[in-house]
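Values in this text are rule-based calculations from the coordinates and carry no lab data. Nothing here was measured: the structure is a model prediction, and the numbers come from that model. Using ideal geometry, Cβ is built from the backbone for each residue, glycine included, and neighbour counts are taken over all protein chains shown.
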Amino acid sequence: MTAQPATQVLEASAGAPPAAVAEHAARILAAGGLVAFPTETVYGLGADATSGAAVARLYDAKGRPAFNPLIAHVADAAAARALARFDHAAERLAAAFWPGPLTLVLPRLAHCPVAELATAGLDTIAVRVPSHAIARAILVAFGRPVVAPSANRSGHVSPTTAQHVLADLRGRIELIVDGGGTPMGLESTIIACLEAPVLLRPGALARAQIERLVRLAEAPRAAAPPSDIEELPIAPGALASHYAPRARLRLNAQRVEQGEALLAFAAVPAEGAAHAAAVLNLSQRGDLIEAAANLFSHLRALDASGAPTIAVMPVPRTGLGEAINDRLERAAAPRA
Ligand code: TXA
Ligand code: MG
């Protein structure tokens, strides 16, 4: 995929999505490309959820200053069960409201194939089965989970027409499937089923409908962020809000101290690297998109090496480097 793709717009009718359009979209996704498509809520910007590189490109296209976790979209509940663990409440909600505008945040399964970057290194994953015919056709044709944040630039409101998507993302993504206006125009409702079910984001499915089936616990944080504005991470206090390694992180390291593991960047060797407990390079060729794709999995692997400290070489703050540094700084922050 090229750095500056020409954005193709293909019309599909929501009633009968041409199979050819869905097949075309699936081929672009399989090649690591970015495809905007309508859902019943808002337009999503889709990428292959199992490819760290595709997910990194997605963050880059949206211009997100931080890696917020993304929703994995799948064709049916069976596909969702291959990603996450469903408790009783989650099963009831899925049975009642899928396909439809409900997202569930659930414990991520150990063998979940979704890239760590897509879940921002968390042990939880957001999953949703959309009901829109075009979204469904693409998910069926692709056959793998698709991460899809709202298809707008960071800081802008969620798009409800293909024209909105084009205005924000022209020249940054490969394809927009135009299915006309989205029926609901409001993002999905997000419920976490980790302990007692909690409403994380109000959305297109009303709270009252959910409460007919399950009791919602009080959200740990009073004010939910506005649902139409990017993009406060909405994991409230009681949930892990970011990936926290066991090891201490030492940032902007130029040399490796005794016993440290090394998270390298680019081809410049760090002093003492030969003696490091373990070494992984975010991107030998200094590519920030590749570095983003490797960030969480490399941190986890170095953490697993047992070294008490991970020395992290400087990563430039341009492009995705801003989000990479944001995550590294959070992971390095002292914890209670
Ligand atoms: O209606 C929708 O949900 C649309 C369509 C395209 O499906 N998608 C959407 O995605 O609104 P996005 O990325 O704009 O918003 C997803 C929200 C973010 O605020 C993110 O922080 C939260 O879901 N989220 C994702 N994974 C999470 C997790 N594991 N724990 C807590 N919050 C999570
Ligand atoms: Mg959004």
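Summary table
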quantity: Dimensionless Rg/Rh of region 1-86 - Kirkwood Rh, Rg from C-alpha atoms; calculated: 0.96
quantity: Distant-in-sequence amide H partners of residue 72 (H built 1.01 Å from N, under 5 Å); calculated: 126, 127, 128
quantity: Charge context of residue 9, other residues only, Cβ under 15 angstrom, K/R +1, D/E -1; calculated: -2
quantity: DSSP-loop trypsin sites (Lys or Arg not before Pro) across region 1-65, with at most 11 other Cβ within 10 angstrom; calculated: none
quantity: Residue-wise HN-Hα coupling along region 324-332, computed from phi with Karplus coefficients 6.51, -1.76, 1.60 (Hz; x: Gly, Pro); calculated: 4, 5, 4, 5, 4, 5, 5, 5, 8
quantity: Region 127-191: Rg to Rh, with Rh as the Kirkwood radius over Cα pairs; calculated: 0.94
quantity: Residue-wise HN-Hα coupling along region 78-92, computed from phi with Karplus coefficients 6.51, -1.76, 1.60 (Hz; x: Gly, Pro); calculated: 4, 5, 5, 5, 7, 10, 9, 8, 9, 8, 4, 4, 4, 4, 5
quantity: Relative contact order [Cα under 8 Å, 6+ residues apart], the chain, whole percent; calculated: 21
quantity: Rounded to 10°, Cα long-axis angle of helix 52-62 versus longest principal axis of the chain; calculated: 70
quantity: Phi-based couplings in Hz for region 201-209 (Karplus 6.51, -1.76, 1.60; Gly and Pro marked x); calculated: 8, x, x, 5, 9, 5, 4, 4, 5
quantity: Added length on full extension, which subtracts the Cα-Cα distance from 0.36 nm per residue, residue 305 to residue 213; calculated: 28.7 nm
quantity: Ranked list, fewest to most other Cβ atoms within 10 Å of each Cβ, for 205, 139, 104; calculated: 205, 139, 104
quantity: Shape box of region 173-216 [Cα atoms, principal axes, largest first, Å]; calculated: 40, 20, 13
quantity: Chymotrypsin sites (Phe, Trp or Tyr not before Pro) within region 22-67, DSSP loop, no more than 15 other Cβ atoms inside 10 Å; calculated: none
quantity: Antiparallel bridges, percent of DSSP beta bridges restricted to region 1-134 (to nearest 5); calculated: 75
quantity: Magnitude of the charge dipole, region 1-129, Cβ model with Lys/Arg +1 and Asp/Glu -1, debye to 20; calculated: 160
quantity: Considering only the chain, percent of DSSP beta bridges that pair antiparallel, nearest 5; calculated: 45
quantity: Per residue, the convex hull volume that the Cα atoms of the chain enclose (Å³); calculated: 124
quantity: Residues with amide H under 5 Å from that of residue 201, placed H, sequence gap 5 or more; calculated: 190
